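First up is the structure itself, then whatever we jot down about it.
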Amino acid sequence: MSVRAPGAACARLASIGYAAAPRMTKRRRRLLSISHSYVIGLNRRLPNELARLGDDWEVTAIAPRLFKDQLRHAHFEPTPDDLCQVRPLDVHLSSEPHVFFWGRGIRSILREPWDVVHIWEEPYCFGGIQPALLTPRTTPFVFATFQNIAKRYPPPFGSLERMVLRRAKGWIAYGETIVRAQADRDGYGRRPMAMIPPGVDTDLFRPEPARGMAVRRELGWGAEGPPVVGYLGRLVPEKGLAAMMRALEALKVPWRALLVGTGPMQKEVDAWVQRQGGRAVLATQVRHHEVPAYLNAMDMLVVPSLTKKNWREQFGRMITEAFASGVAVISSDSGELPFTVGDAGVIVPEASHEAWVRALEELVTSPERRRDLAARGRQRAIEHFAWPVVARRTLDFLERFAS
């Protein structure tokens, strides 16, 4: 008995009028992700990681061409590392975070055949409401929220938020306090939810002592000297800067302070810095790509946020960046901060001056304690907050609706 080669069989079929069946290629699913933060190249790590992980996904991100917030004007940053497709659009009223909206082109993009639309905007702000309501009802969309206070919004925001919730297939909560605040509210608890934190680039933010020493030299500090107590963030009252400065002045041990940021309290903070006689520096011109070097110039990062009537800290991105950079963290217990820190940092009651003085003095005088916290923070960043981990969890959640 002879056995013919497969090629001969195919040739025989073709000769009598039959053609081999064409190979079927699987259609790649299409994901659209929308966020005003995508104006900055580094902030597009989520859609880029989604594109890296999803072999059968085509990922597109919508970003502003120009976003003028209350602190600066951010122009769209094209980067050669983008794995996702990026479509810049105009935005209007970007200086008002609750009412900014997307310009011409958003409607036609949303009417393309998407398998899932992911909206990284709050469902009570026009920047999130507009694309949610323009998404066709046959297209599933998922929104994300940082809101960790159950609020009643004035017209028309409250009714528009309810419309978004009715249209949404699911939502992402950026932390434990967000779940506690929203899960029992009408419209939230009835829909699938995933608690997924924002990510951090553990390659960009990593321990680099040499870069930190270079920053110290630029600031006029030598390699030797007291530990550097750092702050990174907006200079606003709710961030607890006044309490931090009072606690530092009460220490009976030497210290240096490096404060990085801008905001309404800049004159007040700068005046305090001038009174410290060279042991404190305020850096107001640090760009985002320079932040890792400045974190490496710190021996510890202080996050002294204070809860207000209508605000409490929502996540604390500076904490995950400090963790990834191998910097010890000491934080208040405002809002989401204790859940972000976990067991990798020091938590201090936000309103206790005495507790802040004790905690700061302990870390300033204990290099062993700082090294232990730095190692634990780096490990926590890699295991819980690294972008590949966050993107994997996000894609797993979004795939539930695309199926």
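Of all residues in region 360-374, those satisfying the criterion of being within 18 Å of M244 (Cα to Cα) and of a type in the set (A, V, I, L, M, F, W, C) are L360, L363, V364. Restricted to region 175-209, and to residues there that are surrounded by fewer than 18 Cβ atoms within 10 Å (Cβ to Cβ) and in contact (Cβ under 8 Å) with a residue 60 or more places away in the chain, the residue that is nearest to L50 (Cα to Cα) is A194.
Exactly one residue among R52, R87 is among the basic types (K, R), surrounded by 14 or more Cβ atoms within 10 Å (Cβ to Cβ) and in contact (Cβ under 8 Å) with a residue 40 or more places away in the chain, and that residue is R52.
Going by what's in this entry, would A344 be described as outside any helix (DSSP H, G or I) and at pLDDT below 95? For A344, the condition - outside any helix (DSSP H, G or I) and at pLDDT below 95 - is not met. Checked against the criterion of being among the β-branched types (V, I, T) and either in contact with a Lys or Arg (Cβ under 6 Å, 6 or more places away or on another chain) or in the same structural domain as V229 (by TED's automatic domain parsing) (or both), region 350-357 contains one or more residues that satisfy it. For V164, are the conditions met, namely being over 30 Å from H353 (Cα atoms), out of contact with any Lys or Arg (no Cβ under 9 Å at 6 or more places or on another chain) and among the β-branched types (V, I, T)? When the stated conditions are applied, V164 passes them. Does region 132-171 hold any residues that are assigned to a strand (DSSP E or B) and out of contact with any Phe, Trp or Tyr (no Cβ under 7 Å at 6 or more places or on another chain), and which are they? Within region 132-171, just F141 meets the criteria.
Restricting Q266, Q285 to those that are free of Cβ contacts under 8 Å to residues at least 12 places away in the same chain, surrounded by fewer than 24 Cβ atoms within 10 Å (Cβ to Cβ) and either more than 19 Å from F146 (Cβ to Cβ) or more than 18 Å from the chain's Cα centre (by Cα) (or both) reduces the list to Q285. Within region 229-243, can one find any residue that is under 21 Å from A214 (Cα atoms) and among the aliphatic types (A, V, I, L, M)? Yes, the conditions are met somewhere in region 229-243. Within region 365-387, residues that are without any contact (Cβ under 8 Å) to a residue 40 or more places away in the chain sit with their Cβ atoms under 7 Å from residues that are buried (at least 17 other Cβ atoms within 10 Å of the Cβ) and outside any helix (DSSP H, G or I), at 6+ positions apart or across chains, in these pairs: R376/A344. Scoring S332 on the criteria (1) under 22 Å from T202 (Cβ atoms); (2) surrounded by 18 or more Cβ atoms within 10 Å (Cβ to Cβ) leaves a single failure, condition (1).
Yes or no, residue by residue, for (1) aliphatic (A, V, I, L, M); (2) surrounded by 15 or more Cβ atoms within 10 Å (Cβ to Cβ); (3) outside the structural domain of N296 (by TED's automatic domain parsing); (4) modelled with pLDDT under 95:
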site	(1), (2), (3), (4)
A223	yes, no, no, yes
P227	no, yes, no, no
K239	no, yes, no, no
L248	yes, yes, no, no
V260	yes, yes, no, no
A271	yes, no, no, no
G277	no, no, no, yes
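The values are calculated or read from the model by the stated rules, or taken from the named source; none is laboratory data. Note that the structure is a prediction, hence the values are computed from the model and not measured. Neighbour counts run over all protein chains shown; Cβ positions are idealised from the backbone, glycine included.
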